[in-house]
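Here's the structure we're looking at; comments come further down.
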Ligand code: HEC
């Protein structure tokens, strides 16, 4: 009986984790080191990639003064927690032919944490 209770509790905890993963912005700052070569957080500062300032709620491919790929501009995506997460997990799979040369984040925790960090730093 005890085993069953433990198993149920575990399933509930895991289930909840997946549904509403809360990232850790401090851990996300470390993940951001992988993005930093190409992305700035300051408004209007484009590097190899566009500035990520104000990314939440913005249409894909709309950052001022950056030459996006046709694939990105034509994707019809609006960036929010879910679309950014899907893109970062598999950039090429989510938006085929986009030109971000990044293989993707393999760990779900890294994705959750970077999103928490971006929310804190880009709004
Ligand atoms: C090697 C350089 C490079 C790295 C590393 C990189 N990016 Fe990018 N990123 C780009 C480029 C270039 C684009 C534009 C892609 C296009 O136009 O097809 C882009 C686009 C994006 C966009 C969409 C921007 C918009 O305004 O539509 C987001 C969000 C993004 N990157 C987040 C990240 C995050 C978060 C990381 C780190 C986990 C990261 N990128 C790592 C180069 C990079």
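On the beta carbon distance between residue 67 and residue 109, with R0 = 30 Å, the FRET formula returns roughly 0.35. Would you please state which residues of the range 94-121 a label at residue 45 would reach in this model, taking the label point 7 Å out along Cα→Cβ and a backbone N cut-off of under 19 Å? Hits in the range 94-121 for residue 45 at 19 Å: 117-121.
Considered as an equivalent ellipsoid built on the Cα gyration tensor, the range 23-122 has semi-axes of 19, 15, 12 Å, the largest given first.
A short reminder: the numbers here are calculations on the coordinates, not readings from a lab. Since this is a predicted model, take the numbers as computed values, not measurements. Using ideal geometry, Cβ is built from the backbone for each residue, glycine included, and neighbour counts are taken over all protein chains shown.
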